[in-house]
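Following: one structure in structure tokens, then a few remarks.
Read-outs throughout are calculated quantities, based only on the coordinates presented, and are distinct from any laboratory measurement. Computed from a prediction, not measured in an experiment: that's the story for all the values here. All Cβ positions, even for glycine, are placed from backbone atoms using ideal geometry, and neighbour counts span all protein chains on display.
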Amino acid sequence: MAIDVLTKPHQLVASDRVEGTAVRRPNGDMIGHIERLMIDKITGKVSYAILSFGGFLGIGADLLPLPWGRLRYNIKFEAYELDIADEELKRAPSFRADKDFDWGDRVKEEELHRFYGMPPYWGGF
């Protein structure tokens with residue numbers, strides 16, 4: 001009897017299944033969705049999830065780089081969970097959809113990690 005590996009539950013998820021997934025608060029309120037993931041080329045680990053929120057049909061949306069460790073998957077909501085208040089969300093480092101975050105600027109990345117109180121994925125702090 002062959003075992004269908006596609007139906008067995010496991011801890012892994014394909015990146016295309018993460019993109020577009022809802023991001024909600026612990027109470028279930030919708031914040032936005034994951035636009036894309038940023039993966040460290042050397043380690044292969046996910047470093048950031050880019051959260052898209054605001055705007056209408058993707059127009060005028062802000063993109064918020066979140067340290068991957070700040071998100072938790074909530075089975076109940078079938079969404080990633082982010083415990084963040086509106087005020088904190090408005091102050092969070094973000095960029096417009098028509099521009100890109102400077103991923104080569106470690107100072108900006110360090111500020112981002114300090115904002116979320118998380119150590120950088122590359123170590124230090």
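Quick rundown of the values:
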{"quantity": "Calculated FRET value between LYS76 and MET38, using beta carbons and R₀ = 22 Å, to 0.05", "calculated": "0.25"}
{"quantity": "In order through the range 36-52: 3J(HN,Hα) via Karplus (6.51 cos²θ - 1.76 cosθ + 1.60), integer Hz, x for Gly, Pro", "calculated": "6, 10, 10, 10, 5, 4, 7, 8, x, 8, 5, 9, 9, 10, 9, 8, 9"}
{"quantity": "Other-chain or far-sequence residues with amide H under 5 Å of ARG36's (modelled H)", "calculated": "ILE50"}
{"quantity": "Lysines with Cα under 27 Å of LYS99, excluding same-chain neighbours fewer than 8 positions away", "calculated": "LYS41, LYS45, LYS90, LYS108"}
{"quantity": "Percentage, to the nearest whole number, of Cα pairs in the range 15-116 over 15 Å apart", "calculated": "62 percent"}
{"quantity": "Per-residue HN-Hα couplings for the range 100-110 [Karplus 6.51, -1.76, 1.60; θ = phi - 60°; Hz; x = Gly/Pro]", "calculated": "10, 5, 7, 6, x, 9, 4, 4, 5, 5, 5"}
{"quantity": "Counted charge near GLU109, where neighbours are those whose Cβ lies closer than 15 Å (Asp, Glu -1; Lys, Arg +1)", "calculated": "0"}
{"quantity": "Estimated inter-spin distance, ARG114 and GLU88, nm [label 7 Å along Cα→Cβ]", "calculated": "1.8 nm"}
{"quantity": "Amide H within-cut-off set for ALA61, under 5 Å, with H built and near neighbours excluded", "calculated": "PHE56, ALA97"}
